Amino acid sequence: MNQPVDPSVRRFLKTLATGAAALAAGCATRQVEVPEEGFEYRTVEPPQRTATPGKLELIEFFWYACPFCNALEPIMREWLRRQPPDVAFRRVHVARPPLQQLHYTLEVLGKADELSERIYAAIHVQQLDLDTRDRMADFVARNGVDRARFVETFGSPAVREKMQEATATVNAYKVDGVPTFAVNGKWITAPSMLGGSYTATLRVLDYLLARERRGAA
């Protein structure tokens, strides 16, 4: 049988519950409205020169074999489709050969963006080993790339230069994991800073891009 609750106790419990709800709402509001520097994003020191003057540069540091990059890929593509033309997006593959070399070979050939989803699927769904030049060449040939041209380009100076530039960029931004994002040479954020949440990561990117727009206005 339920026991009656003393009115004074009832008032105390109600006050406690109201205060807890207000605190939770305040925390939620802070998270939604203003991401916190040092926790949800950090400053790049020193700031880096961007490759696209006059645009807001967004870099994704990634690795094809990373399961988190693979999970983020379709979400990121959908988010990018909604971005205004002032956002210049580019991907930087971290120094994990031979997949870094695969990416920059395809970039030289103008096929990197077109084939990125298929590469993720090959590695993470089909469990293909793209660990040698010939296996990569066979794969890209099945996906519309001239095999001989791929093999010729794979060891070219242009690809080696792109790989060196990518590694230098990773080091300049002090990237220690993927996926990681850099905004306009000034800010870094990553799902690992946001409890693994991709939604929260995109929210922080929206905030940082808007902050940069306000600064440029």
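The values are calculated or read from the model by the stated rules, or taken from the named source; none is laboratory data. As the structure is a prediction and not an experimental result, all values here were calculated from the model. Quick reminder, even Gly has a Cβ in these numbers, built from the backbone with ideal geometry, and neighbours come from all protein chains shown. In case anyone asks, the SASA skips ligands and DNA or RNA and just uses the protein heavy atoms, side chains included. Shrake-Rupley method; radii C 1.70, N 1.55, O 1.52, S 1.80 Å.
Classify region 137-199: rounded, prolate or oblate, from the alpha-carbon gyration tensor (a ≥ b ≥ c, eigenvalue square roots; a/c under 1.5 rounded; otherwise prolate if a/b is larger than b/c)?
Since a/c reaches 1.5 but b/c is at least a/b, the shape of region 137-199 is classed as oblate.
Using only the Cα atoms of region 45-136, each taken as one equal point scatterer with no solvent, compute I(q) by the Debye sum, divide by I(0), and report log10 of the ratio at q = 0.13, 0.14, 0.18, 0.19 Å⁻¹.
Values returned for q = 0.13, 0.14, 0.18, 0.19 Å⁻¹ are -0.49, -0.57, -0.90, -0.98.
Using bins 5 angstrom wide from zero, how does P(r) for region 61-197 break down, in % of all Cα pairs?
2, 9, 19, 22, 21, 15, 8, 3, 0
Tally Lys and Arg at +1 and Asp and Glu at -1 over the other residues with C-beta under 14 Å from the C-beta of Arg91: what net charge comes out?
Net charge in that neighbourhood comes out at -3.
Rank these by accessible area, largest first, 1.4 Å probe: Val145, Val125.
From most exposed to least exposed: Val125, Val145.
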